[in-house]
Each structure stands twice: as structure tokens, then as C-alpha cells.
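Accompanying notes for the structure given below.
The values are calculated or read from the model by the stated rules, or taken from the named source; none is laboratory data. Fair warning: this is a prediction, and the values are worked out from it, not measured in the lab. Here Cβ is always computed from backbone atoms with ideal geometry, including for glycine, and neighbour counts include all displayed protein chains. Quick note on the areas: whole protein, heavy atoms, side chains included, nothing else; ligands and nucleic acids left out. Shrake-Rupley method; radii C 1.70, N 1.55, O 1.52, S 1.80 Å.
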Amino acid sequence: MNDETDPSPSKLTRSKQRWAKEGRFLTGRTARPEEERLPPGQHLTRDWPILDLTGTPDILPERWRLQVTGAVENPVIWDWAQFLAQPQTTFVSDIHCVTTWSRYDNRWEGLATRDLLEVVRPKPNSGFVVLHSFDNYTTNLSLEDFAAEDALLAHRWSDAPLAADHGGPLRLVVPHLYFWKSAKWLRKIEFLGKDAPGYWEVRGYHNRGDPWQEQRYSDD
Ligand SMILES: Nc1nc2c(c(=O)[nH]1)N[C@H]1C(S)=C(S)[C@@H](COP(=O)(O)O)O[C@H]1N2
Ligand SMILES: [Mo]
């Protein structure tokens, strides 16, 4: 979704854009993840809030495809069985949402982004990634952030299939950045030579979103 296709932003979009302008939740403090597990301005929650723009899209399992495209040597389109045939990894990591809740010790299973990169092989000019979702949400990452050691395309959480409300059948998880970078209902992964800010990044959110640097909103 961009400004052209989104003429009447929802209430949620409007309040979050206002928070970005006002600098809501900012403490002005930074920290180091090695020293402080909970980033500045965050509080712990035990439940798992559901946050998205337009609700859970209907995704028919037999129609589901993941397309990996753009500046890669070996673009792929996988159906569900082909996706599950890829190497599977388990990571336990924390969630940090820009609206200030954090949730510790989430057990994710799926395809590590590093294993995906070995299959599709980004071209030398590829430095950025855009995630496209079934609800038309987009978000962008540098190739380096996408390739983080504990980032994965997750289809299981807590030893069960990832719930549809939380992005099932498949979502991205990039634990070291705010959770808006972790696209739910993943449909397409696009590799690019140039950065291309996504839905929230063009609406006042920070382009990178490091929670320990409190990169909630863009500086300009
Ligand atoms: N496809 C899609 N992914 C999305 C979103 C969305 O609206 N659509 N919202 C983002 C935001 S702002 C957050 S905080 C997390 C919330 O994930 P959760 O609902 O599983 O907690 O998903 C992110 N990924
Ligand atoms: Mo969010």
C-alpha cells in the first residue's frame, strides 16, 4: 500500500502517524543489547497483542505461493510443500513493538534467512530487501539486517503452526529490529539495488528501527 492506493488511511494509521510526528514514547535514552535486554521505553507483556492494518487476509493453502525475486541469481516460486522442503531452523528470540510492548522467549521455527540467501544468491548489486504481504503491507530492510543470524521465515511458534492472526501461514521475524519490520502473511521477497521504504517507513517511521537506539520515528 502506498499513498496513492490508500486515500483514506484508517484510524490506526492516522494515530500512529500522529505519534510519529509528536515523538510519542521517546525516552531519549539509548542502550546496548548486550547490557540491557529490555530496550529503552519498552515494557514487558506476557500475552501477545495482534497488530495489523486491515485484519487477517484469507489465504487458501493450495493457492499459497512464496515468490523470491529481483536482484538474485536464482529466483524461486515455492508452493507450501516446496517451502517446507527447505532446511528448518529453530530460534528463540524477543519481540519489541514500537508501541512499547515487548515479549520475551518466542520459539520460532522456519527457514533461516541465511539459508534462503544460499538458495537464491543475491547479485553483487543487491543491497536491500522489500517484503510484500497478502494484505498489501510492505516493509524494507537492508540486506545486512535481513541476513541477521537469528532472522527467519517462521511458520511455527511455540511448537504449533503460527496462528493466522499472527501472520500464518508464513511471516518474517527479524528480532533485532522493531516488530513492524517483521512482515506477516509473507507473499513476496524482493531484492533491490536501491532502498525502497515501505508502508510505515513512508509514514514517519524510522527507516531502520533499532529498538536499543530508539529508532521509532524518522528524524525529518
Ligand atoms: N502483513 C502485515 N505485516 C505486519 C503488519 C501488517 O499490518 N501487515 N503490522 C506490523 C506491525 S506494526 C506489528 S507491531 C507486527 C505485529 O505482529 P503481531 O500481530 O503478530 O503481534 O506485525 C507487523 N507486520
Ligand atoms: Mo507495530
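For the reader, a short list of remarks on this structure follows.
- In the set (1) surrounded by fewer than 17 Cβ atoms within 10 Å (Cβ to Cβ); (2) assigned to a loop (DSSP other than H, G, I, E, B); (3) within 16 Å of ligand 1 (Cβ to nearest atom), the condition left unmet by Pro169 is number (1).
- For Arg32: the one exception among (1) over 24 Å from Phe134 (Cβ atoms); (2) charged (D, E, K, R); (3) at pLDDT below 95: (3)
- Residue satisfying all of: in region 177-202; within 11 Å of ligand 1 (Cβ to nearest atom) and in a strand (DSSP E or B); nearest to Trp101 (Cα to Cα) among these: Leu186
- Residue, surrounded by the fewest Cβ atoms within 10 Å (Cβ to Cβ), within region 203-220, restricted to residues that are basic (Lys, Arg) and not in a helix (DSSP H, G or I): Arg208
- Any hit, region 115-125, residues being within 30 Å of Lys16 (Cα to Cα) and crowded, with 19+ Cβ neighbours inside 10 Å: no
- Those residues of region 156-167 which are touching a residue at least 60 places away in the same chain (Cβ under 8 Å) and touching a strand residue (DSSP E or B) at 6+ places or on another chain (Cβ under 8 Å), in sequence order: His166
- Within region 142-165, considering residues that are farther than 17 Å from Gln86 by Cα and in contact with a Phe, Trp or Tyr (Cβ under 7 Å, 6 or more places away or on another chain), the one most open to solvent (accessible area, probe 1.4 Å): Trp157
- Residue in region 187-198 that is buried (at least 18 other Cβ atoms within 10 Å of the Cβ), touching a Lys or Arg at 6+ places or on another chain (Cβ under 6 Å) and not basic (Lys, Arg) present: no
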